[in-house]
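Computed from the coordinates by the stated procedures, all read-outs in this text should not be read as laboratory data. Predicted model only: the values in this text are computed from it and were never measured. Here the Cβ positions follow ideal geometry from the backbone for every residue, glycine too, while neighbour counts run over all protein chains shown.
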Amino acid sequence: MKSIHWTIFLISLVTMTYQLLLTRVFSVTMWYHYAFAVISIAMFGLTVGALLVYLRPVYFDPHIVRQRLALWSVALALSIPTTFILQLGLPFSGAAEASLLFELFVMLSVIYLLIGIPFVISGVLICLCLTQFPRNIGTLYAVDLVGQHWGRSHLF
């Protein structure tokens, strides 16, 4: 059962660290006020991930939860650097001229969808940990909060 505690700790730590990294990068590569959108995207992605688990109970069968956790953990590990590098490669001017508003809207939509992918995966993982091991819900939630706190205060 200790492996589930480590799993949720590391997922929370990685998710919070990725969120902080994106806010720092957005404030430099885009205008600083776009960095505030990262928090909303993270919360939205985590919610979408939890909804996936709720709406697809057959796919997330309790008998194969450890295999699903392993699969989605690999997906998280691959999605973070991939989406981060792809996002950095997208051209962003940030010009708010009337003739470029549609282009700005499309580019922001692509960027936000792209960086939201790891948060959705993280939402699936955290939801699986919290819902499939209900006997340890108190300690699992505490470890989740410790991972978030550690990622927020000790890494940056």
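Of the residues L130, L86, L101, which exhibits the maximal mean-square fluctuation in a Gaussian network model of the chain defined by a 10 Å Cα contact cut-off?
Highest fluctuation of the listed residues: L101.
Where does segment 2-153 land on the Kirkwood hydrodynamic radius, alpha-carbon pairs, in angstrom? Intermediate results must be reported in sequence, preceding the final value.
Working: mean 1/r = 0.0613 Å⁻¹.
Averaging 1/r across every pair of different Cα atoms and inverting gives 16.3 Å.
Can you tell me the orientation of helix 37-55 relative to the chain, as the angle in degrees between its alpha-carbon axis and the longest Cα principal axis, to the nearest 10?
Result, in degrees: 40.
Mind giving me the FRET efficiency for V58 and I137? R0 is 22 Å, r the Cβ-Cβ distance, nearest 0.05 is fine. Display every interim value, and only then the final one.
Working: r = 23 Å, r/R0 = 1.05.
About 0.45, to the nearest 0.05.
Tell me what the chain gives for mean residue ellipticity at 222 nm when only DSSP H runs of n ≥ 4 count, each as -39,500 (n - 2.57), the sum divided by the residue total, rounded to 500 deg cm²/dmol.
Values: 5 runs with 121 residues, N = 156.
After summing the helix terms and dividing by residue count, I get -27500 deg cm²/dmol.
How would segment 1-67 be classified by its alpha-carbon gyration tensor: rounded, prolate or oblate, with rounded meaning a/c under 1.5 and the a/b versus b/c comparison settling the rest?
Values: a/c = 4.47, a/b = 1.91, b/c = 2.34.
In terms of gyration-tensor shape, oblate.
Can you tally the net charge around L128? Count Lys and Arg as +1, Asp and Glu as -1, for every other residue whose Cβ sits under 14 Å from the Cβ of L128.
Numbers: positive: R56, R66, R68; negative: D61, D144.
Residues near L128 contribute +1 overall.
Helix 101-132 sits at what angle to the longest principal axis of the chain, using alpha carbons and giving 0 to 90 degrees rounded to 10?
10
Between helix 2-29 and the chain, what is the angle of the helix's C-alpha long axis to the longest principal axis, kept within 0 to 90° and rounded to the nearest 10?
10
Assuming 0.36 nm per residue, please report the length gained on full extension of the stretch F44 to L145 beyond their Cα-Cα distance.
On the way: separation 101, 0.36 × 101 = 36.36 nm, distance 1.82 nm.
Stretched fully, the F44-L145 segment lengthens by 34.5 nm.
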